[in-house]
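For reference, the structure is listed below as structure tokens.
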4 protein chains.
Amino acid sequence: MTINRHVQISVAAHSGDYSKEDEERARVFVREAAKCNPILILGGYWGLMKVVVDEAYGLGLKVVLMLPMEKESVDPPPGVISIRTGMEYRARSVPLARSGDVLVALGGEVGTMIEVLMAYAMGKPVVVLTGSNFSTDGLAASFPNGFDRRRTAPVNYVDDPIKAAQLACSGAGARLAGDWGGEDV
Amino acid sequence: MTINRHVQISVAAHSGDYSKEDEERARVFVREAAKCNPILILGGYWGLMKVVVDEAYGLGLKVVLMLPMEKESVDPPPGVISIRTGMEYRARSVPLARSGDVLVALGGEVGTMIEVLMAYAMGKPVVVLTGSNFSTDGLAASFPNGFDRRRTAPVNYVDDPIKAAQLACSGAGARLAGDWGGEDV
Amino acid sequence: MTINRHVQISVAAHSGDYSKEDEERARVFVREAAKCNPILILGGYWGLMKVVVDEAYGLGLKVVLMLPMEKESVDPPPGVISIRTGMEYRARSVPLARSGDVLVALGGEVGTMIEVLMAYAMGKPVVVLTGSNFSTDGLAASFPNGFDRRRTAPVNYVDDPIKAAQLACSGAGARLAGDWGGEDV
Amino acid sequence: MTINRHVQISVAAHSGDYSKEDEERARVFVREAAKCNPILILGGYWGLMKVVVDEAYGLGLKVVLMLPMEKESVDPPPGVISIRTGMEYRARSVPLARSGDVLVALGGEVGTMIEVLMAYAMGKPVVVLTGSNFSTDGLAASFPNGFDRRRTAPVNYVDDPIKAAQLACSGAGARLAGDWGGEDV
């Protein structure tokens, strides 16, 4: 990584309703992450993802959306890049997870969990923000040290969104070394 | 489902080494499933997946492989259909999970777990064979009733491969009603 | 190719209306191709593709459908395998073109033309049946020797469906040697 | 389109060697297109695509690369966004073509031609720069009014890169109205 390179952070977050506290923690995460001027990659412009996009837009960050085919016609703020993947929800999560130097989960249900596991399977560092009101909170108890016995990537559970952002910003060193994302796991 | 329709069973299984017991249980599963003359869909021809393919081939079952781009040049038995997906491991798991009327996990690590969660997220019935020597065994303890709070699909944990096959054969009634696989979860 | 291996033939054909003559030629193609007991891979169960599927089903051939997300809920004859790709039309054409040892175009519009060019770009032998009432007829005049200056794969124009089938059956020798489909062209 | 919305221009261009004249025309295109402050979407950072990316980077434009799995580890200038699609060449062209409000072909071989036909099939306006030294020049003679008899999208052939850029910048009005990209063509 050269000094000028921007970290690409994949952000996994819930697609539906969220609490005031979840919203505030998502905003805190973005404001802290903005300090390393990252590129944020998200899977849509609805639910808790929309909070992240709007906060990032306000801060002038580069944001890319990997839109599933079911919802390609959303209308994000100007300058936010919309990639119309032509693929269903789970398929669009693949380039989302694969394009980040690190993946951060801000809380969500099974779709978010799948993105966490995908990133791990690809050898990407993962940061899971706990203390949310979502099912992802349960990952820390079930998989404290990684999602299988291979430990293909570091998994960090933190309940502080500032710490999550700092970990994400420092995660750029773990980029894939080559064209491949590892073995079939 | 008409009387003649073949159940399409997606089979998720480990890509690497396995025990003698895991192998035997996989073969028992296939022999029992053969009674409903299903179409089996797998993600490759290596590891425990190869055991399933070879057993199914010996019984004359229709088998389709969703091959990841990293390993498209495998050479399965004649008549086994090779779909070269042109996609990496996790991406090829999407049509694998999506094409089954039901998904059965015979034991595996994070790649198998992802396929289980994908099928669930798509609203497909899932059968997880426990008592293997793989990380999927842990799912029963962590997620006894489903993988998130939405319960989008039934999840069955069984430690008997005959029972797993019977559940799979009966699972065809749960096909997707339309072109969509549900909401962003 | 071993003696027992089945040729996988990707069949590109029109998605909409067709003439009686186009239908008859499609059926003649399938009947002749059946002599090498191929696996047929098609992109749907509508339009001229449906004619091919029904004829192949009647002859007991193995048939796989690469269904686009827009039309995953079609109901083909029993035993015909439905792969629900979770991808839009053009994306589902990639595994269609990639999975064949050869691609045969029985006549179609731009979607069929794209599949022809994809197969060529992947280094697959292509057979285009001319004398149809479709835009693919124009390819012979525009690109008599290949679709660009690189000649990455042989392109055969024939107006006889029997000859098209014989070429397809003999085309299995040209399989990809490895996991890759060549260069970015 | 609101007044502030940035046009997303998909740029298809050759992956290999190019002439000095092709390079200069590509640069002229980018400099003129920069006047509408577009987001540029390209399929890689090699060949003539690299010229476009470097010129756009110098002008401060937002650039997104849809990288094929075979070449995901390229190292573009800082701030250029790399989407690692996890898909082979032709598959990665789908989100490339689908994400643009318009697609411009600056000259290329069959890969570029496929992207042109894909965009047309998706109902996107297409601009083909002629007078290059590439096979795309032949499209104007073969398909002067569109690539099939359906005329699903406007096709513009121009030999002036300034005019090509102006057309691209004005093409944003033709966005997809909904989540779908039209019929199976």
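The values are calculated or read from the model by the stated rules, or taken from the named source; none is laboratory data. Here the structure is a predicted model, which means the values were calculated and not measured. Here the Cβ is made from the backbone with ideal geometry for all residues, glycine too, and neighbour counts use every protein chain on show. Just the protein is used for accessible areas: all its heavy atoms, side chains included, with ligands, DNA and RNA removed. Shrake-Rupley method; radii C 1.70, N 1.55, O 1.52, S 1.80 Å.
Annotations for the structure displayed:
- For segment D:5-17, the set of residues classified as surrounded by 23 or more Cβ atoms within 10 Å (Cβ to Cβ) and out of contact with any Asp or Glu (no Cβ under 9 Å at 6 or more places or on another chain) consists of D:VAL11 only.
- Pairs linking a residue in segment B:44-61 that is touching a residue at least 24 places away in the same chain (Cβ under 8 Å) and over 21 Å from B:ARG92 (Cα atoms) to a residue that is among the basic types (Lys, Arg) and open to solvent by 20 Å² or more (accessible area, probe 1.4 Å), with Cβ atoms under 8 Å and 6 or more positions apart or on different chains, are B:GLU55/B:ARG27; B:GLU55/B:ARG31; B:LEU59/B:ARG31.
- For A:PRO95: the one exception among (1) assigned to a loop (DSSP other than H, G, I, E, B); (2) open to solvent by less than 30 Å² (accessible area, probe 1.4 Å); (3) in contact with a strand residue (DSSP E or B) (Cβ under 6 Å, 6 or more places away or on another chain): (1)
- Neighbours by Cβ (under 7 Å, 6+ apart or cross-chain): first from segment B:9-28, closer than 14 Å to B:TYR45 by Cβ; second surrounded by fewer than 23 Cβ atoms within 10 Å (Cβ to Cβ) and among the aromatic types (Phe, Trp, Tyr): B:SER15/B:TRP46
- Screening B:MET49 on (1) surrounded by fewer than 21 Cβ atoms within 10 Å (Cβ to Cβ); (2) out of contact with any Cys (no Cβ under 9 Å at 6 or more places or on another chain); (3) over 22 Å from C:ALA97 (Cα atoms) shows it passes everything except condition (1).
- Residues of segment D:102-132 satisfying the condition of being surrounded by 24 or more Cβ atoms within 10 Å (Cβ to Cβ) and of a type in the set (D, E, K, R): D:GLU115, D:LYS124
- Cβ pairs under 6 Å, 6+ apart, first in segment A:161-172 and in contact (Cβ under 8 Å) with a residue 24 or more places away in the chain and in a helix (DSSP H, G or I), second of a type in the set (A, V, I, L, M, F, W, C) and open to solvent by 30 Å² or more (accessible area, probe 1.4 Å): A:PRO161/A:VAL28; A:CYS169/A:CYS36; A:ALA172/A:MET1
- Residue in segment A:107-119 that is part of a loop (DSSP other than H, G, I, E, B), over 17 Å from D:GLY100 (Cβ atoms) and among the acidic types (Asp, Glu) present: yes
- In segment D:133-147, the residues that are closer than 20 Å to D:GLY111 by Cβ, assigned to a loop (DSSP other than H, G, I, E, B) and open to solvent by less than 30 Å² (accessible area, probe 1.4 Å): D:PHE134, D:PHE143, D:PHE147
Residue-by-condition table, conditions (1) within 11 Å of chain B (Cβ to nearest Cβ); (2) modelled with pLDDT of 95 or more:
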site: A:ALA119; (1), (2): yes, yes
site: A:VAL127; (1), (2): no, yes
site: A:THR136; (1), (2): yes, yes
site: A:THR152; (1), (2): yes, no
site: A:CYS169; (1), (2): no, yes
site: A:VAL185; (1), (2): yes, no
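- Hey, B:VAL74 in contact with a helix residue (DSSP H, G or I) (Cβ under 8 Å, 6 or more places away or on another chain) and of a type outside the set (Gly, Ala, Ser) or not: no
- Residues of segment A:69-114 that turn out to be away from chain C (no Cβ under 11 Å), more than 15 Å from the chain's Cα centre (by Cα) and at positive phi, as a count: 1
- Under the condition of being modelled with pLDDT under 95 and either away from chain D (no Cβ under 12 Å) or touching a Gly at 6+ places or on another chain (Cβ under 9 Å) (or both), the residues counted in segment A:2-40 number 3.
- Taken over segment B:3-26, the residue count meeting the criterion of being within 14 Å of the chain's Cα centre (by Cα) and over 20 Å from B:MET113 (Cβ atoms) is 2.
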